[in-house]
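One structure is given here, and the rest of the page talks about it.
The values are calculated or read from the model by the stated rules, or taken from the named source; none is laboratory data. Model, not experiment: these values are computed from the prediction. Neighbour counts run over all protein chains shown; Cβ positions are idealised from the backbone, glycine included. Quick note on the areas: whole protein, heavy atoms, side chains included, nothing else; ligands and nucleic acids left out. Shrake-Rupley method; radii C 1.70, N 1.55, O 1.52, S 1.80 Å.
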Amino acid sequence: MSPPADNAAPHAGAILSIDLGAIQANYKLLQERLSGGAEMGCVVKADAYGLGAEKVAPALARAGARVFFVALTEEGIRLRQILNDTGESAFVQAQIHILGGLMKGAEEAYDASRLIPVLGSLDEIHDWKDFCRRIDTPLPCALHVDTGMLRLGLPPDELDKLAEEPARIEGLDVVTVISHLACADEPEHPKNAEQLAAFRQVRKILPMGRASFANSSGIFLGPDYHFDLARPGVALYGLGPTLGEPNSMAKVVRLQGKIAQVRDVDSPQTVGYGATHRIKEPGRIATVLAGYADGYLRSLSNKGTGYIGNIPVPVVGRVSMDLITFDVTNVPRHLTTPGNMIDLIGPHNPVEQIADEAGTIGYEILTSLGNRYRRVYIGE
Ligand SMILES: *Cc1c(COP(=O)(O)O)cnc(C)c1O
(Lines give C-alpha, C1' and ligand atoms only; values in the text may rest on other atoms or scores of the structure.)
Protein backbone atom coordinates (compact mmCIF):
# COMPACT_ATOMS: atom_id res chain seq x y z
CA MET A 1 0.00 0.00 0.00
CA SER A 2 2.72 2.50 0.93
CA PRO A 3 5.35 3.39 -1.65
CA PRO A 4 8.96 2.37 -1.08
CA ALA A 5 10.92 4.69 1.18
CA ASP A 6 13.92 6.69 -0.02
CA ASN A 7 16.61 4.71 -1.80
CA ALA A 8 14.58 1.52 -1.52
CA ALA A 9 15.10 1.16 -5.26
CA PRO A 10 18.61 2.44 -6.03
CA HIS A 11 18.57 0.81 -9.48
CA ALA A 12 15.10 1.98 -10.47
CA GLY A 13 14.46 3.14 -14.00
CA ALA A 14 13.33 6.57 -12.88
CA ILE A 15 13.67 8.91 -9.93
CA LEU A 16 10.66 10.66 -8.47
CA SER A 17 11.67 13.64 -6.34
CA ILE A 18 9.08 15.11 -4.01
CA ASP A 19 9.92 18.43 -2.41
CA LEU A 20 8.38 18.49 1.06
CA GLY A 21 9.74 21.99 1.59
CA ALA A 22 7.73 23.15 -1.44
CA ILE A 23 4.60 21.50 -0.02
CA GLN A 24 5.18 23.40 3.24
CA ALA A 25 5.75 26.63 1.29
CA ASN A 26 2.45 26.05 -0.52
CA TYR A 27 0.71 25.46 2.80
CA LYS A 28 1.95 28.86 4.00
CA LEU A 29 1.07 30.56 0.73
CA LEU A 30 -2.51 29.27 0.88
CA GLN A 31 -2.77 30.16 4.56
CA GLU A 32 -1.75 33.73 3.71
CA ARG A 33 -4.45 33.91 1.02
CA LEU A 34 -7.11 33.05 3.57
CA SER A 35 -8.99 35.95 5.06
CA GLY A 36 -9.62 36.65 8.72
CA GLY A 37 -9.25 33.69 11.00
CA ALA A 38 -9.98 31.06 8.37
CA GLU A 39 -8.13 27.86 9.09
CA MET A 40 -6.39 25.41 6.75
CA GLY A 41 -7.52 21.81 6.49
CA CYS A 42 -5.34 19.61 4.27
CA VAL A 43 -6.70 17.05 1.84
CA VAL A 44 -4.36 14.04 1.77
CA LYS A 45 -6.67 11.46 0.18
CA ALA A 46 -5.33 8.94 -2.35
CA ASP A 47 -1.99 8.71 -0.55
CA ALA A 48 -1.60 12.50 -0.62
CA TYR A 49 -2.44 12.66 -4.32
CA GLY A 50 0.07 9.92 -5.05
CA LEU A 51 2.99 11.65 -3.34
CA GLY A 52 3.08 9.48 -0.19
CA ALA A 53 0.96 10.33 2.86
CA GLU A 54 3.60 8.81 5.14
CA LYS A 55 5.97 11.69 4.36
CA VAL A 56 3.55 14.38 3.24
CA ALA A 57 1.16 14.36 6.22
CA PRO A 58 3.89 14.81 8.88
CA ALA A 59 5.46 17.54 6.72
CA LEU A 60 2.12 19.34 6.63
CA ALA A 61 1.72 18.87 10.38
CA ARG A 62 5.16 20.44 10.88
CA ALA A 63 3.96 23.38 8.78
CA GLY A 64 1.03 23.78 11.18
CA ALA A 65 -1.75 21.56 9.83
CA ARG A 66 -4.06 20.16 12.53
CA VAL A 67 -7.05 19.25 10.37
CA PHE A 68 -6.94 16.62 7.62
CA PHE A 69 -9.37 15.20 5.09
CA VAL A 70 -9.19 11.80 3.36
CA ALA A 71 -11.77 10.00 1.23
CA LEU A 72 -11.98 6.54 2.75
CA THR A 73 -12.06 4.86 6.14
CA GLU A 74 -8.92 2.82 5.49
CA GLU A 75 -7.06 5.98 4.48
CA GLY A 76 -8.11 7.54 7.76
CA ILE A 77 -6.96 4.55 9.80
CA ARG A 78 -3.59 4.67 8.07
CA LEU A 79 -3.28 8.45 8.49
CA ARG A 80 -4.04 8.14 12.22
CA GLN A 81 -1.20 5.60 12.48
CA ILE A 82 1.16 7.91 10.58
CA LEU A 83 0.35 10.84 12.86
CA ASN A 84 0.58 8.67 16.00
CA ASP A 85 4.00 7.46 14.87
CA THR A 86 5.33 11.03 14.90
CA GLY A 87 4.96 10.95 18.70
CA GLU A 88 4.20 14.69 18.65
CA SER A 89 1.14 15.22 20.83
CA ALA A 90 -0.17 18.10 18.71
CA PHE A 91 0.03 15.91 15.58
CA VAL A 92 -1.50 12.93 17.37
CA GLN A 93 -4.47 15.14 18.32
CA ALA A 94 -5.07 16.26 14.71
CA GLN A 95 -8.58 15.88 13.32
CA ILE A 96 -9.13 13.45 10.46
CA HIS A 97 -12.32 13.81 8.41
CA ILE A 98 -13.59 11.01 6.18
CA LEU A 99 -15.11 12.71 3.14
CA GLY A 100 -16.71 9.49 1.91
CA GLY A 101 -19.02 9.57 4.91
CA LEU A 102 -19.94 6.83 7.34
CA MET A 103 -19.43 3.38 5.84
CA LYS A 104 -22.04 0.86 6.95
CA GLY A 105 -20.94 -0.97 10.06
CA ALA A 106 -17.68 0.97 10.38
CA GLU A 107 -18.68 3.00 13.47
CA GLU A 108 -16.30 1.19 15.80
CA ALA A 109 -13.37 1.60 13.43
CA TYR A 110 -14.05 5.36 13.29
CA ASP A 111 -14.13 5.50 17.06
CA ALA A 112 -10.94 3.44 17.47
CA SER A 113 -8.95 5.73 15.14
CA ARG A 114 -10.76 8.92 16.17
CA LEU A 115 -12.06 9.53 12.63
CA ILE A 116 -14.68 12.15 11.92
CA PRO A 117 -17.31 10.90 9.47
CA VAL A 118 -18.58 13.56 7.08
CA LEU A 119 -22.24 12.50 7.27
CA GLY A 120 -24.04 13.05 3.99
CA SER A 121 -27.53 11.62 4.44
CA LEU A 122 -30.26 11.30 7.07
CA ASP A 123 -29.44 7.57 7.24
CA GLU A 124 -25.81 8.23 8.08
CA ILE A 125 -26.85 10.84 10.65
CA HIS A 126 -29.21 8.32 12.19
CA ASP A 127 -26.57 5.57 12.32
CA TRP A 128 -23.93 7.83 13.90
CA LYS A 129 -26.37 9.18 16.45
CA ASP A 130 -27.44 5.67 17.30
CA PHE A 131 -23.83 4.57 17.80
CA CYS A 132 -23.03 7.60 19.97
CA ARG A 133 -26.05 6.85 22.12
CA ARG A 134 -25.02 3.21 22.47
CA ILE A 135 -21.55 4.08 23.71
CA ASP A 136 -22.94 7.09 25.60
CA THR A 137 -20.38 9.48 24.03
CA PRO A 138 -21.13 12.29 21.57
CA LEU A 139 -18.23 11.62 19.20
CA PRO A 140 -17.37 14.42 16.77
CA CYS A 141 -18.85 14.31 13.30
CA ALA A 142 -19.20 16.58 10.28
CA LEU A 143 -22.14 17.22 7.97
CA HIS A 144 -21.99 17.43 4.18
CA VAL A 145 -24.70 19.34 2.36
CA ASP A 146 -24.94 19.17 -1.42
CA THR A 147 -25.19 22.59 -3.07
CA GLY A 148 -24.93 21.44 -6.67
CA MET A 149 -22.52 18.53 -7.21
CA LEU A 150 -25.17 15.79 -7.03
CA ARG A 151 -22.52 13.49 -5.66
CA LEU A 152 -22.34 13.23 -1.89
CA GLY A 153 -24.08 15.28 0.77
CA LEU A 154 -27.59 15.89 2.04
CA PRO A 155 -29.88 16.68 -0.89
CA PRO A 156 -32.29 19.65 -0.49
CA ASP A 157 -35.24 17.52 0.65
CA GLU A 158 -33.19 15.94 3.43
CA LEU A 159 -31.91 19.37 4.49
CA ASP A 160 -35.54 20.52 4.70
CA LYS A 161 -36.34 17.55 6.90
CA LEU A 162 -33.49 18.49 9.22
CA ALA A 163 -34.83 22.03 9.41
CA GLU A 164 -38.31 20.73 10.30
CA GLU A 165 -37.10 18.11 12.75
CA PRO A 166 -34.01 19.46 14.54
CA ALA A 167 -34.29 16.53 16.97
CA ARG A 168 -32.61 14.44 14.26
CA ILE A 169 -29.26 16.08 15.03
CA GLU A 170 -29.79 16.91 18.68
CA GLY A 171 -26.96 15.62 20.81
CA LEU A 172 -24.58 15.26 17.86
CA ASP A 173 -21.20 16.97 18.20
CA VAL A 174 -21.01 18.59 14.76
CA VAL A 175 -17.53 20.09 14.38
CA THR A 176 -17.64 20.92 10.65
CA VAL A 177 -20.32 21.60 8.03
CA ILE A 178 -19.07 21.24 4.46
CA SER A 179 -20.16 21.66 0.88
CA HIS A 180 -18.13 21.29 -2.29
CA LEU A 181 -17.76 23.56 -5.34
CA ALA A 182 -18.21 22.16 -8.84
CA CYS A 183 -16.54 24.88 -10.93
CA ALA A 184 -14.14 26.70 -8.61
CA ASP A 185 -11.28 26.56 -11.13
CA GLU A 186 -13.37 28.77 -13.46
CA PRO A 187 -13.82 32.05 -11.54
CA GLU A 188 -16.37 33.40 -14.04
CA HIS A 189 -18.63 30.37 -13.88
CA PRO A 190 -22.10 31.39 -12.58
CA LYS A 191 -22.34 28.14 -10.62
CA ASN A 192 -19.86 29.50 -8.04
CA ALA A 193 -22.15 32.30 -6.89
CA GLU A 194 -25.18 29.98 -6.96
CA GLN A 195 -23.46 27.47 -4.70
CA LEU A 196 -22.24 30.26 -2.41
CA ALA A 197 -25.79 31.53 -1.95
CA ALA A 198 -26.99 27.98 -1.32
CA PHE A 199 -24.27 27.35 1.26
CA ARG A 200 -25.18 30.57 3.11
CA GLN A 201 -28.74 29.24 3.33
CA VAL A 202 -27.37 25.95 4.64
CA ARG A 203 -25.55 27.81 7.40
CA LYS A 204 -28.79 29.41 8.52
CA ILE A 205 -30.24 25.96 9.08
CA LEU A 206 -27.00 24.37 10.31
CA PRO A 207 -25.01 27.12 12.06
CA MET A 208 -23.04 24.77 14.33
CA GLY A 209 -19.32 23.93 13.98
CA ARG A 210 -16.98 25.39 11.39
CA ALA A 211 -18.17 26.09 7.85
CA SER A 212 -15.91 24.57 5.18
CA PHE A 213 -16.46 25.36 1.51
CA ALA A 214 -13.31 26.13 -0.49
CA ASN A 215 -11.03 23.59 -2.13
CA SER A 216 -7.74 24.87 -3.62
CA SER A 217 -9.42 26.81 -6.40
CA GLY A 218 -12.14 28.05 -4.06
CA ILE A 219 -9.51 29.85 -1.95
CA PHE A 220 -8.68 31.94 -5.03
CA LEU A 221 -12.32 32.94 -5.60
CA GLY A 222 -11.92 35.45 -2.78
CA PRO A 223 -12.82 35.97 0.88
CA ASP A 224 -16.56 35.27 0.40
CA TYR A 225 -15.65 31.66 -0.24
CA HIS A 226 -13.28 31.16 2.70
CA PHE A 227 -15.66 30.70 5.66
CA ASP A 228 -13.96 29.01 8.68
CA LEU A 229 -11.97 26.13 7.24
CA ALA A 230 -10.51 25.65 3.74
CA ARG A 231 -9.90 22.21 2.21
CA PRO A 232 -7.07 22.52 -0.32
CA GLY A 233 -5.53 19.46 -1.91
CA VAL A 234 -3.98 19.90 -5.31
CA ALA A 235 -2.46 23.37 -4.74
CA LEU A 236 -0.49 21.99 -1.80
CA TYR A 237 1.10 19.61 -4.29
CA GLY A 238 2.10 22.41 -6.65
CA LEU A 239 -0.63 22.51 -9.26
CA GLY A 240 -2.15 25.82 -10.36
CA PRO A 241 -5.59 26.34 -8.85
CA THR A 242 -7.09 28.52 -11.59
CA LEU A 243 -7.49 27.49 -15.24
CA GLY A 244 -5.62 29.65 -17.71
CA GLU A 245 -3.77 31.65 -15.07
CA PRO A 246 -0.06 31.54 -14.19
CA ASN A 247 0.68 29.05 -11.44
CA SER A 248 1.87 30.74 -8.26
CA MET A 249 2.40 27.51 -6.32
CA ALA A 250 5.88 26.10 -5.69
CA LYS A 251 6.67 23.05 -7.83
CA VAL A 252 6.75 19.83 -5.83
CA VAL A 253 7.38 16.99 -8.28
CA ARG A 254 10.22 16.06 -10.60
CA LEU A 255 10.38 12.78 -12.47
CA GLN A 256 13.60 11.77 -14.22
CA GLY A 257 13.77 8.69 -16.43
CA LYS A 258 17.01 6.85 -17.02
CA ILE A 259 18.20 6.24 -20.56
CA ALA A 260 18.77 2.52 -21.09
CA GLN A 261 19.79 2.51 -24.73
CA VAL A 262 20.32 4.87 -27.65
CA ARG A 263 19.75 3.80 -31.20
CA ASP A 264 21.25 5.49 -34.28
CA VAL A 265 18.88 5.32 -37.21
CA ASP A 266 20.13 6.13 -40.69
CA SER A 267 17.45 4.58 -42.88
CA PRO A 268 13.65 5.00 -42.81
CA GLN A 269 12.23 2.85 -40.01
CA THR A 270 9.39 2.75 -37.48
CA VAL A 271 9.45 2.96 -33.69
CA GLY A 272 7.59 0.74 -31.21
CA TYR A 273 4.29 -1.13 -31.06
CA GLY A 274 1.96 -0.56 -33.94
CA ALA A 275 4.75 1.16 -35.91
CA THR A 276 3.01 4.48 -35.28
CA HIS A 277 6.05 6.71 -35.77
CA ARG A 278 8.19 6.65 -38.90
CA ILE A 279 11.71 8.09 -38.89
CA LYS A 280 12.42 9.77 -42.20
CA GLU A 281 15.70 11.60 -41.56
CA PRO A 282 18.78 10.09 -39.91
CA GLY A 283 18.51 10.52 -36.17
CA ARG A 284 18.70 8.97 -32.72
CA ILE A 285 16.16 7.34 -30.43
CA ALA A 286 16.70 7.08 -26.65
CA THR A 287 14.74 4.49 -24.68
CA VAL A 288 13.86 5.26 -21.04
CA LEU A 289 13.00 2.71 -18.34
CA ALA A 290 9.48 3.85 -17.43
CA GLY A 291 6.11 3.36 -19.02
CA TYR A 292 2.38 3.33 -18.55
CA ALA A 293 2.74 0.84 -15.68
CA ASP A 294 4.46 3.71 -13.85
CA GLY A 295 1.75 6.23 -14.62
CA TYR A 296 3.39 7.69 -17.73
CA LEU A 297 0.08 7.47 -19.53
CA ARG A 298 -0.20 5.64 -22.82
CA SER A 299 -2.10 8.62 -24.20
CA LEU A 300 1.28 10.42 -24.23
CA SER A 301 2.27 8.21 -27.19
CA ASN A 302 3.55 10.53 -29.96
CA LYS A 303 2.36 13.49 -27.81
CA GLY A 304 4.46 13.84 -24.66
CA THR A 305 7.55 15.99 -24.32
CA GLY A 306 10.59 15.17 -22.22
CA TYR A 307 13.54 17.47 -21.58
CA ILE A 308 17.26 16.94 -21.44
CA GLY A 309 18.45 20.11 -19.72
CA ASN A 310 16.46 22.73 -21.60
CA ILE A 311 16.26 20.80 -24.87
CA PRO A 312 12.81 19.34 -25.62
CA VAL A 313 12.75 15.70 -26.73
CA PRO A 314 9.44 14.45 -28.13
CA VAL A 315 7.99 11.05 -27.30
CA VAL A 316 7.98 9.06 -30.54
CA GLY A 317 5.99 5.88 -31.00
CA ARG A 318 3.74 4.32 -28.40
CA VAL A 319 4.46 4.42 -24.70
CA SER A 320 4.75 0.79 -23.63
CA MET A 321 4.37 -0.79 -20.19
CA ASP A 322 7.96 -0.27 -19.08
CA LEU A 323 9.56 1.81 -21.82
CA ILE A 324 9.29 5.19 -23.51
CA THR A 325 11.09 6.19 -26.70
CA PHE A 326 12.25 9.78 -27.28
CA ASP A 327 13.70 11.45 -30.36
CA VAL A 328 17.04 12.83 -29.14
CA THR A 329 18.45 13.72 -32.55
CA ASN A 330 18.89 17.37 -31.49
CA VAL A 331 20.68 16.65 -28.23
CA PRO A 332 24.51 16.58 -27.97
CA ARG A 333 25.65 12.95 -27.90
CA HIS A 334 27.39 13.17 -24.52
CA LEU A 335 24.04 13.99 -22.85
CA THR A 336 22.29 10.92 -24.20
CA THR A 337 24.52 8.07 -23.09
CA PRO A 338 22.92 5.23 -21.10
CA GLY A 339 22.41 6.25 -17.47
CA ASN A 340 21.76 9.90 -18.39
CA MET A 341 18.40 11.32 -17.39
CA ILE A 342 15.42 12.70 -19.29
CA ASP A 343 12.98 14.90 -17.36
CA LEU A 344 9.58 13.23 -17.76
CA ILE A 345 8.21 15.89 -15.40
CA GLY A 346 10.46 18.81 -14.62
CA PRO A 347 11.03 22.55 -14.67
CA HIS A 348 10.26 22.82 -18.42
CA ASN A 349 7.46 20.25 -18.54
CA PRO A 350 5.46 20.56 -15.32
CA VAL A 351 2.60 18.27 -14.35
CA GLU A 352 0.05 20.54 -16.07
CA GLN A 353 1.85 20.32 -19.39
CA ILE A 354 2.06 16.54 -19.27
CA ALA A 355 -1.62 16.48 -18.35
CA ASP A 356 -2.45 18.66 -21.36
CA GLU A 357 -0.43 16.45 -23.67
CA ALA A 358 -2.13 13.36 -22.27
CA GLY A 359 -5.61 14.91 -22.57
CA THR A 360 -6.27 14.82 -18.82
CA ILE A 361 -5.82 16.90 -15.66
CA GLY A 362 -2.85 17.22 -13.33
CA TYR A 363 -4.74 15.41 -10.57
CA GLU A 364 -4.75 12.24 -12.66
CA ILE A 365 -1.06 12.52 -13.52
CA LEU A 366 -0.16 12.81 -9.80
CA THR A 367 -2.42 10.03 -8.58
CA SER A 368 -1.17 7.73 -11.36
CA LEU A 369 2.50 8.03 -10.32
CA GLY A 370 3.69 4.47 -9.92
CA ASN A 371 5.46 2.60 -7.16
CA ARG A 372 8.48 1.35 -9.12
CA TYR A 373 10.26 4.68 -8.93
CA ARG A 374 13.06 5.44 -6.57
CA ARG A 375 11.34 8.05 -4.39
CA VAL A 376 13.48 10.82 -3.02
CA TYR A 377 12.00 13.21 -0.48
CA ILE A 378 13.66 16.61 -0.33
CA GLY A 379 13.61 18.84 2.75
CA GLU A 380 12.44 16.38 5.41
C1 LIG B 1 -10.70 16.30 -3.19
C2 LIG B 1 -11.55 17.24 -2.44
C3 LIG B 1 -11.03 18.48 -2.02
C4 LIG B 1 -9.70 19.01 -2.45
O5 LIG B 1 -9.81 19.53 -3.77
P6 LIG B 1 -8.60 20.22 -4.54
O7 LIG B 1 -9.22 20.64 -5.83
O8 LIG B 1 -7.57 19.16 -4.74
O9 LIG B 1 -8.11 21.33 -3.71
C10 LIG B 1 -11.83 19.26 -1.17
N11 LIG B 1 -13.08 18.85 -0.80
C12 LIG B 1 -13.61 17.68 -1.23
C13 LIG B 1 -14.98 17.31 -0.81
C14 LIG B 1 -12.87 16.85 -2.06
O15 LIG B 1 -13.41 15.71 -2.51
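Quick notes
- With Cα atoms, 0 to 90° folded angle of helix 190-205 axis to the chain main axis: 30 degrees
- Entries of LYS45/LYS303; LYS129/LYS161; LYS258/LYS303; LYS104/LYS204; LYS28/LYS104 with Cα pairs more than 25 Å apart: LYS45/LYS303; LYS104/LYS204; LYS28/LYS104
- Extension gain from ARG200 to MET103, taking 0.36 nm per residue of separation minus the Cα-Cα distance: 32.1 nm
- For the chain, the Cβ-based charge dipole about the Cα centre amounts to some 1100 debye (Lys, Arg positive; Asp, Glu negative; other atoms uncharged).
- One chain, two ends: ILE311 and HIS189. Fully extended at 0.36 nm per residue, the span grows by 40.1 nm beyond their Cα-Cα distance.
- At q = 0.14, 0.21, 0.22 Å⁻¹ the log10 of I(q)/I(0) for the stretch 33-80 amounts to -0.34, -0.69, -0.75, computed by Debye summation with a single uniform scatterer per C-alpha, solvent ignored.
- Pairs of Cα atoms farther than 32 Å apart, the chain, %: 41 percent
- Förster radius 30 Å - calculated FRET efficiency between LEU150 and LEU29 (Cβ-Cβ, nearest 0.05): 0.40
- Pairwise FRET efficiency - LEU335 versus SER267, Cβ, R0 = 41 Å, nearest 0.05: 0.95
- Mean Cα-pair separation over length for the chain, i.e. relative contact order, pairs under 8 Å, 6 or more apart, %: 20 percent
- Averaging the Cα positions of each part gives two centres, and for the stretch 217-252 and the stretch 119-175 these lie 29 Å apart.
- Taking max minus min of the alpha-carbon positions on each principal axis, the stretch 72-218 gives extents of 45, 35, 23 Å, largest first.
- The residues ILE135, ILE116, sorted by heavy-atom accessible surface at 1.4 Å with ligands and nucleic acids left out, run ILE135, ILE116 from largest to smallest.
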